[in-house]
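The values are calculated or read from the model by the stated rules, or taken from the named source; none is laboratory data. Predicted model only: the values in this text are computed from it and were never measured. Note: ideal-geometry Cβ built from the backbone for every residue, glycine included; neighbour counts use all protein chains shown. Please note that ligands, DNA and RNA were not included when accessible areas were found on the heavy atoms of the full protein model with its side chains. Shrake-Rupley method; radii C 1.70, N 1.55, O 1.52, S 1.80 Å.
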Amino acid sequence: MRFPLTMTAKLSGYIAGKRMRRVEKFPLVMMLEPLHACNLTCTGCGRIREYKETIKEQLTVEQCLRAVDECGAPIVSICGGEPMIYRELARLVREILDRGKHIYLCTNGMFIQKRLKEYQPTSSFFFNVHLDGLEATHDLCVERKGVFRQAIEGIRAAKAEGFMVCTNTTIYKQTDLGEIADLFEYLKELGVDGHTIAPSYSYAAVQHKEIFMSRQEIQAKFRQAAKVLEKYALMTSPIYLDYLQGEREDLMCTAWGNPTYNPSGWKAPCYLITDGHHATFKDFLEKTDWERYGRGRDPRCEHCMVHVGYEPSAVLGANRRLRDTWRLLKWQLSGVTPGRPRSSSSEADPCSPLSPAPTDSSEAT
Ligand code: SF4
């Protein structure tokens, strides 16, 4: 299976319950940013730039938990900033897991090895390590030498202790997809359980606009990516991949499905655009004018194809298709069993070249 059975079952039950109660808008994945500080200054990162005035602010564990409870999403993606520099992260993770949630801990991977003993492996917890290419490329993207090697050592240590590990790769205009295939081949040797790929976010705060793609460029790039990367354990859903390739223009943004909470509050409308922050999730959901956002409605959305806007759309959007459910189910069941490192790769040189299948009977066809 592509995701742990408990995660699929939990998500399916959650969605079925919301549909039965005819709840129109509800979250699938909460993006929790306990802090925006980071030990790196990656070229494409908007967070450290957008929030530079408040970069030292942090949420308390209690604030995080109140937000998790209020939101109710079954999956929490802990991101930032670099969450592994948040002093009380291990307690936060434990408390969220105790609430029956699933966690993706999004990290640059540099502190995994050092802090691994603070965590317990469980099928409800993934380390999600950011890797944008092989060593030279990745270190260039994150603007520091040695980051790739440290991330690989973290992955290796986590897999040796039985943790679930996936990776996330941002595809830029200049990304060499052959290199990404080599990266995934190498990560397979380390027992990595899956990969997400997504187009770069065109943050207003990022000065290097030449790395971002137009909608047409994204579609061309992902048509190529789908061919080159199809044999790997992609955790990006097939419907979202269709959308990225320009085959599902009917999907509309469902940013409320992936809400973001950070030291400034609930970020509206989405991870990418900040038109305001709300103190409560209820206000975020009810006071954001969702009809104002999406392609054809707001010029800032015109080239947006990011996962926070469109990954949940096949499940949550108004234009769901019956066959989407079956494709998602088939995709989930056809995935790989969570991996163990291959014994032959225990000495692998890090320099060697190398987004749920819910059922929904109420949907439109
Ligand atoms: S289309 Fe993209 S930028 Fe616009 S609201 Fe949705 S996620 Fe945000």
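With respect to Phe163, is the statement that it is in contact with an Asp or Glu (Cβ under 8 Å, 6 or more places away or on another chain) and closer than 17 Å to Val192 by Cβ true? Answer is no for this residue.
Where in segment 61-178 are there strands (runs of 3 or more DSSP E), lying fully within it, with 2 or more residues that are modelled with pLDDT under 95? Even if it seems obvious, please write down each step before you answer.
Numbers: elements: 75-78, 102-107, 125-130, 164-171.
Hits in segment 61-178: 164-171.
Pairing each residue of segment 249-266 that is on the phi < 0 side of the Ramachandran plot with any residue that is open to solvent by 10 Å² or more (accessible area, probe 1.4 Å) and acidic (Asp, Glu), provided the two are 6+ apart or on different chains, yields C-beta distances under 7 Å for Pro263/Glu57. Can Ala268 be described as in contact with an Asp or Glu (Cβ under 8 Å, 6 or more places away or on another chain), at pLDDT 95 or above and either under 26 Å from Pro299 (Cβ atoms) or within 13 Å of the ligand (Cβ to nearest atom) (or both)? For Ala268, the condition - in contact with an Asp or Glu (Cβ under 8 Å, 6 or more places away or on another chain), at pLDDT 95 or above and either under 26 Å from Pro299 (Cβ atoms) or within 13 Å of the ligand (Cβ to nearest atom) (or both) - is met. State whether one or more residues within segment 183-201 are in contact with a Gly (Cβ under 7 Å, 6 or more places away or on another chain), under 30 Å from Gly154 (Cβ atoms), within 16 Å of the ligand (Cβ to nearest atom) and among the hydroxyl-bearing types (Ser, Thr, Tyr). Checked segment 183-201: at least one residue is in contact with a Gly (Cβ under 7 Å, 6 or more places away or on another chain), under 30 Å from Gly154 (Cβ atoms), within 16 Å of the ligand (Cβ to nearest atom) and among the hydroxyl-bearing types (Ser, Thr, Tyr).
For segment 267-282, filtering for residues that are in a strand (DSSP E or B) and open to solvent by 30 Å² or more (accessible area, probe 1.4 Å) leaves 4. Does segment 336-353 include one or more residues that are hydroxyl-bearing (Ser, Thr, Tyr) and modelled with pLDDT of 60 or more? Within segment 336-353, not a single residue is hydroxyl-bearing (Ser, Thr, Tyr) and modelled with pLDDT of 60 or more.
Looking at segment 50-63, is at least one residue of a type in the set (Phe, Trp, Tyr) and open to solvent by 30 Å² or more (accessible area, probe 1.4 Å)? The answer is no, given that none of the residues of segment 50-63 is of a type in the set (Phe, Trp, Tyr) and open to solvent by 30 Å² or more (accessible area, probe 1.4 Å). What residue, among those in segment 194-231 that are open to solvent by 20 Å² or more (accessible area, probe 1.4 Å), outside any helix (DSSP H, G or I) and at pLDDT 90 or above, is nearest to Val308 (Cα to Cα)? So the residue we want is Thr196. Would you check if there is a residue in segment 283-295 being surrounded by fewer than 18 Cβ atoms within 10 Å (Cβ to Cβ) and either at positive phi or within 20 Å of the chain's Cα centre (by Cα) (or both)? No, that holds for no residue. The conditions of being at pLDDT below 90, open to solvent by less than 20 Å² (accessible area, probe 1.4 Å) and within 10 Å of the ligand (Cβ to nearest atom) are met by Gly309.
Whether a residue is at pLDDT 75 or above and within 30 Å of Ala160 (Cβ to Cβ) was assessed, and His303 does not pass this test. In segment 242-252 there is no residue that is in contact with a Cys (Cβ under 8 Å, 6 or more places away or on another chain), within 13 Å of the ligand (Cβ to nearest atom) and not acidic (Asp, Glu).
Residues in segment 223-246 that are over 21 Å from Lys330 (Cα atoms) and in contact with a Phe, Trp or Tyr (Cβ under 9 Å, 6 or more places away or on another chain): Gly246 only.
Do we find that Trp290 is near the ligand (Cβ under 9 Å from one of its atoms) and either among the small types (Gly, Ala, Ser) or farther than 25 Å from Pro238 by Cβ (or both) in this structure?
yes
When only residues in segment 246-266 that are open to solvent by 10 Å² or more (accessible area, probe 1.4 Å), touching a strand residue (DSSP E or B) at 6+ places or on another chain (Cβ under 7 Å) and part of a loop (DSSP other than H, G, I, E, B) count, which is farthest from Phe284 (Cα to Cα)? So, considering only residues that are open to solvent by 10 Å² or more (accessible area, probe 1.4 Å), touching a strand residue (DSSP E or B) at 6+ places or on another chain (Cβ under 7 Å) and part of a loop (DSSP other than H, G, I, E, B), the one farthest from Phe284 (Cα to Cα) is Pro263.
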